[in-house]
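Here the structure comes first, spelled out in structure tokens, and everything after it is commentary.
The values are calculated or read from the model by the stated rules, or taken from the named source; none is laboratory data. Note that the structure is predicted; figures quoted are calculated from it, not measured. Here the Cβ positions follow ideal geometry from the backbone for every residue, glycine too, while neighbour counts run over all protein chains shown.
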Amino acid sequence: MKHHEFVLIGDVIQSRKQFKPEAWDYFHQSIKKINEEFRSSIKIPFKIYSGDSFGGICVSVESAVDIVLAIQANHALHKSRLVLIEDEVSFGLETKNFLHLEGPALWKSNDLVANLKKSTSFFLADLQNELKTIAVNTILNLILSIRNDWSEIEWAVYKHLGRDIKQKDLAEKLGVSQQYVSKISNKSKLKLVREAEKNLRQLLHGIDTTIH
């Protein structure tokens, strides 16, 4: 039986129009940060290629979802589109270098990226399980679409949401009023997004449990 890998590939949207020279270093550092933060969730580290594209292999769909969310958060200055393919990687796994990989998963990625570029979505998955494909493509795209319009202050409030910090203390830390933090939390659907992220993880876990 062929072993399938979870290949995650992304590219920066309109990078040649948006990127300033100093932003390239930020882009490289953000990919390095993903590799460090998600070391246990990554089978083949993410590598940048063709200037503004990047790819790696995740250990599971769940880990890929977490990485996609983190990439959007880290790439707030330069938005990315991403595809996730569950299929065979025939050659190069032993090298631990994404640029040396070959196989159906990599070949499929070109078509998925092309299809994604024609749509208004930020993410597209092609998984072996149809329910997982529907769940990830629908829910994750809704989450990414909502978060896509967030300002820097909205991202800051979101990243502190759920932590052991009072709104008053968070407001002082961010240099805004407590009322403004409360307004942002409600207007930007921060809690709803957090709940959707949690529910997507639970749904994927439930599908796995049903399969096995």
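Against the test of being within 16 Å of the chain's Cα centre (by Cα), modelled with pLDDT of 95 or more and not basic (Lys, Arg), the options 140, 93, 101, 116 yield a single qualifying residue, 140.
Out of all the residues in the range 40-60, is one or more modelled with pLDDT of 95 or more, surrounded by fewer than 15 Cβ atoms within 10 Å (Cβ to Cβ) and more than 15 Å from the chain's Cα centre (by Cα)? Yes: one or more hits. Filtering the range 120-168 to residues that are loosely packed, with under 15 Cβ neighbours inside 10 Å, in contact with a strand residue (DSSP E or B) (Cβ under 8 Å, 6 or more places away or on another chain) and not polar (S, T, N, Q) leaves nothing.
Conditions: (1) in contact with a Cys (Cβ under 9 Å, 6 or more places away or on another chain); (2) within 20 Å of residue 25 (Cα to Cα). Residue 64 meets all but one. Number of the miss? In the conditions (1) in contact with a Cys (Cβ under 9 Å, 6 or more places away or on another chain); (2) within 20 Å of residue 25 (Cα to Cα), residue 64 misses (2) alone.
Given the structure, is residue 182 surrounded by 16 or more Cβ atoms within 10 Å (Cβ to Cβ) and hydroxyl-bearing (Ser, Thr, Tyr)? It is false that residue 182 is surrounded by 16 or more Cβ atoms within 10 Å (Cβ to Cβ) and hydroxyl-bearing (Ser, Thr, Tyr).
Of all the numbered requirements in (1) in contact (Cβ under 8 Å) with a residue 60 or more places away in the chain; (2) closer than 15 Å to residue 10 by Cβ; (3) surrounded by 17 or more Cβ atoms within 10 Å (Cβ to Cβ), residue 67 misses one, and that requirement is (1).
Residues that are without any contact (Cβ under 8 Å) to a residue 40 or more places away in the chain and among the aromatic types (Phe, Trp, Tyr) within the range 83-142 comprise 91, 107, listed in sequence order. For the range 185-207, filtering for residues that are part of a helix (DSSP H, G or I) and touching a Phe, Trp or Tyr at 6+ places or on another chain (Cβ under 9 Å) leaves 4. Here residue 109 passes the criteria (1) at pLDDT 95 or above; (2) surrounded by 17 or more Cβ atoms within 10 Å (Cβ to Cβ); (3) of a type outside the set (Val, Ile, Thr) except the one numbered (1). Scan the range 1-39 for residues that are at pLDDT 85 or above and either touching a Lys or Arg at 6+ places or on another chain (Cβ under 6 Å) or buried (at least 18 other Cβ atoms within 10 Å of the Cβ) (or both) and the total you get is 13. Taking the range 37-143 as the region of interest, the helices (runs of 4 or more DSSP H) fully inside it that hold 3 or more residues being touching an Asp or Glu at 6+ places or on another chain (Cβ under 7 Å) are 104-117. Of the residues in the range 72-87, at least one is modelled with pLDDT of 95 or more, of a type outside the set (Phe, Trp, Tyr) and more than 15 Å from the chain's Cα centre (by Cα).
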